[in-house]
Amino acid sequence: MKLLLPLLPFALFGASLFAAEAPVPEKIDFNRDVRPILSDLCFKCHGFDDKARKAGRRLDTVEGALAESEGVRAIVPGKLAESELHVRIHSTDKDEAMPPSKTGKKLTERQKAVLDRWIEQGAPYAKHWSFEPVRQPTPPVTKSAPTGNPIDSFIRARLEHEGLAPSPEADPYALCRRLSLDLIGLPPTPEEADRFAEAARVSMQQAVEQLADRLLASPQYGERWARPWLDLARYADTNGYEKDRTRSIWPWRDWVIAALNADMPFDQFTIEQLAGDRLPNATPSQIIATGFHRNTMLNEEGGIDPLEYRFLAMTDRMATTGTTWLGLTIGCAQCHSHKYDPILHREYYQLMAFLDNADEPEYRVKPANFAATKTEVEAKIAAATAALPGRFPVKPGGPTLEQAFAEWAARESANLVRWTRLTPSSAMANLPLLTVLPDDSVLASGDQTKMDTYELEYPVTLARITAVRIEALPDDSLPNHGPGRAYYEGPAGDFTLTNFTAAADGRPRPFASATESFASGKFTAAQAIDDNLQTGWSVAGGQGKAHHAVFQFATPVEGAAELKLTMQFARHYAADLGRFCISVTEDPRGLPATKTPPYTPYLQLILQEPAAERTAAQKQLLFEYFLMTTPELAEARAEIDKLRNSLEAFPTTLVMHERPPENPRPTFLHKRGEYLQAAEQVQPAVPSILPPLPAGTEPDRLAFARWLVAPENPLTARVTVNRQWAILVGRGLVKTTEDF
């Protein structure tokens, strides 16, 4: 029987070439007999696509078929002569006959008879069986004794109908091998097979139960069953279109394995992968789970539009969501309403809106014992810091620690350039969201392009301004801690300020020169004021640290009430500045020569105080700063830096994170599925063919995940069970597991 099954479709196909058309069924079934005819020959012009519909006539819904138009109805149940459909399909007038001759399609006599009999029987419509609610069927009664498994009753009933007998029961060794391969993907050892065979001689049922329990408890169970799920998520796909870099997302893979070994319910398994970050008090594990949709390909080629390739990633996620949970080829509706799946063009983008409002950061995976490790390392850092004074090298005839500190403080006070940090009155950008933080720094978030512009306005109270300072600051929300927002692996956390201009009270004020505390090779601050968008200030190689640049005005700005600064970032890839603050000075001495980081406002105030008037607390703060910056203690501080860096040495994984309410990402319908043809904005909604979201539910990613696995949704359970059946048996009950 097994050898004949693969040949059966070919035998049937060959026979159909010579056989007459099958007789018309006595009882017409809409899904089996009518829908294929209407779908192939009628729905293109009389379906759910409003733009393609002819004469305003619909045949895909019972309401449309029964509706009266120009005094006639396409279908009058039970009355052939009054049904326009019957009249048109039998007409010999080329202007009236349906389908029109210009389509090149024609109904066969059998198809006409099917439609006529259907109308005579009342023209009942029905949903595709997969959209009907799931019901528990009653197992058929068979001649042979029941086995205790309801599935066997259906199989035996079919075998009896076909006049066939079940295959003989497998011998213990074959059964042991099958169980092992099915459950853990590995064959049993000879010793394991012998033990099973010995136990089966006593009780086959007990031997099977014990073996199954042992295999289900094996760590290899999760590994075996994770593989098909990883395939659905595109885990083994290439990382990029042009550069196939490594991709650190193995923590999500481990999460899948652990979830399967823990027997996590499938609804929770789904919800955490699609919206774990949206759950109340989301745990690190639930955040890691959202890596499911981060396996899309990246494009790091110079000159690409990052927003275009994000759109392509979204269409990939849509197709993956459709095949994984819904068993629908919804990707076709990206360009037009679907001909076979009842998904409208608009509904495709409404579905996309559920997934579209998420950012895609890297997540640092801290070990379970991190809190204890952090406490231990911080204690070592505190001890090493407290020991720094004793490690200051005192050379014969050289200054003591106290003398070196006093000399340094006096020198810094004398050379101090007094900076005034400005508070933005306005911070705008072409696409990124600029947020002013409590310390007057500005944090960029949201989408970016390869040519972004920041416009910042600052009220000023200084009578005279000679220079502007940009402090580029690290932040945990930025790639590689920033200070930039470049997200490609190489320059991750970098930025390139390609043009920096200033205007005072609306009048342009040019810069004459610029210096910086750190630059990447030839990409210096001076290149940010050369009116060349191909050059600029970059800090590649110094990511994760604070840097600053000072820009000297050609002539001092005097008496200005407002300073407007414009930053342009026009690298061939997206490389904005992530977090920064602006300070100005009226110091006439020009640019500072120091390469040390700028002082905090409080330390600056301490240095401005006469040494004799500083409090003990102020002196201690200044002394601690000296210990952490003086070159004589660089070697000792390297040990502290090593300890501090050990707290940051975590693996990363790719996750999803919902955007803040103040910066939602809009989703648009795209004509013909083209990125450049964005039309009207759409809101999140589920397809009308399926049950709606519960009343009063906020339509977000979490609601969508819960809707997918709700008992009212007839598709997810069917699709999931069918996929498992295909893995175990070799072919699903529905052969096309990804498309019902």
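The values are calculated or read from the model by the stated rules, or taken from the named source; none is laboratory data. Values in this document were obtained by computation on a predicted structure and should not be read as measured data. For neighbour counting, all protein chains shown are included, and Cβ atoms are generated from backbone atoms with ideal geometry for every residue, glycine included. Heavy atoms of the whole protein, side chains included, go into the accessibility calculation; ligands, DNA and RNA do not. Shrake-Rupley method; radii C 1.70, N 1.55, O 1.52, S 1.80 Å.
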Highest mean first, what order results for 205-213, 247-255 on Cβ atoms within 10 Å? 247-255, 205-213
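Can you tell me the length gained on complete extension of the stretch L676 to Y602, counting 0.36 nm per residue apart and subtracting the Cα distance?
Contour length minus Cα-Cα distance gives 21.6 nm.
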Residue by residue through the stretch 654-665, the couplings from Karplus 6.51 cos²θ - 1.76 cosθ + 1.60 with θ = phi - 60°, in Hz, x for Gly and Pro, are 8, 9, 10, 9, 5, 5, x, x, 6, 9, x, 8
Just list whichever of K243/K450; K54/K112; K27/K94; K395/K642 have alpha carbons separated by over 23 Å in the model shown. K27/K94; K395/K642
Expressed in angstrom and ordered largest first, the alpha-carbon extents of the stretch 302-448 along the principal axes are 91, 44, 32
Need one number for the stretch 600-659: average projected area of the convex hull over its C-alpha atoms, nm². 7.6 nm²
Crossing angle, helix 250-261 versus the chain [Cα axis fit, 0-90 degrees, rounded to tens]: 50 degrees
Along each principal axis, Cα extent of the stretch 142-298, largest first, Å: 57, 40, 38
Report the per residue volume, in Å³, of the convex hull enclosing the C-alpha atoms of the stretch 477-529. 110 Å³
Over the chain, relative contact order from alpha-carbon pairs under 8 Å, at least 6 apart, %: 15 percent
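Using unit Cβ charges (K, R positive; D, E negative) and no other charged atoms, how large, in debye to the nearest 20, is the dipole of the stretch 501-615 about its Cα centre?
Numbers: 10 positive and 11 negative charges, 82 e Å.
The dipole of the stretch 501-615 has a size of about 400 debye.
Given the -39500 (n - 2.57) contribution per DSSP H run of 4+ residues, what per-residue ellipticity at 222 nm results for the chain, rounded to the nearest 500 deg cm²/dmol?
Working: 23 runs with 255 residues, N = 740.
Helices in the chain give a 222 nm mean residue ellipticity of -10500 deg cm²/dmol.
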Run the reach check for K380 against aspartates and glutamates, Cα to Cα strictly under 14 Å, same-chain hits fewer than 8 apart removed. What comes back? E639, D641
For the stretch 243-390, the accessible surface attributable to carbon and sulfur atoms (probe 1.4 angstrom, ligands and nucleic acids excluded) amounts in percent to 56 percent
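Given a 1.4 angstrom probe, what's the average accessible area per residue across the chain, in square angstrom? The partial results should precede the final answer.
Details: 39000 Å² over 740 residues.
Here the per-residue accessible area is 53 Å².
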If amide H atoms are built 1.01 Å from N in the plane of the peptide, which residues on other chains or at least 5 residues away come under 5 Å of the amide H of H670? A679
Starting from the Cα coordinates of the stretch 607-740, work out the convex hull volume and express it per residue in Å³. 351 Å³
Once both axes come from the Cα atoms, what is the angle between helix 401-415 and the longest principal axis of the chain, in degrees from 0 to 90, rounded to 10? 90 degrees
Compute the acute angle (0 to 90°) between the alpha-carbon long axis of helix 172-184 and the principal axis of greatest extent of the alpha-carbon atoms of the chain; round to the nearest 10°. 40 degrees
Could you tell me which of G506, V550, S538 has its Cα farthest along the dipole of the stretch 493-618 towards the positive end, charges placed at Cβ (Lys, Arg +1; Asp, Glu -1), taken about the Cα centre? S538
Counting Lys and Arg as +1 and Asp and Glu as -1, each charge on the Cβ, what is the dipole of the chain about the Cα centre in debye, to the nearest 20? 1040 debye
Peptide ranges 378-388, 282-292 listed from the most packed, as the mean C-beta count within 10 angstrom indicates: 282-292, 378-388
Cα convex hull of the stretch 128-219 - mean projected area over all directions, nm²: 8.9 nm²
Mind ordering 404-412, 512-520 by average Cβ neighbours within 10 Å, highest first? 512-520, 404-412
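Taking a quarter of the surface of the Cα convex hull of the stretch 506-659, what do you get in nm²?
Working: hull surface 57.8 nm².
Computed as one quarter of the Cα hull surface, the answer is 14.5 nm².
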Using +1 at the Cβ of each Lys and Arg and -1 at the Cβ of each Asp and Glu in the chain, identify which of T615, H657, L708 lies farthest towards the dipole's positive end. L708
How big is the charge dipole of the stretch 622-740 about its Cα centre, in debye rounded to the nearest 20, if each Lys and Arg gets +1 on its Cβ and each Asp and Glu gets -1 on its Cβ? 880 debye
Would you work out which of S218, P228, A157 lies farthest towards the positive end of the dipole of the stretch 143-264? Charges go on Cβ: Lys and Arg +1, Asp and Glu -1. P228
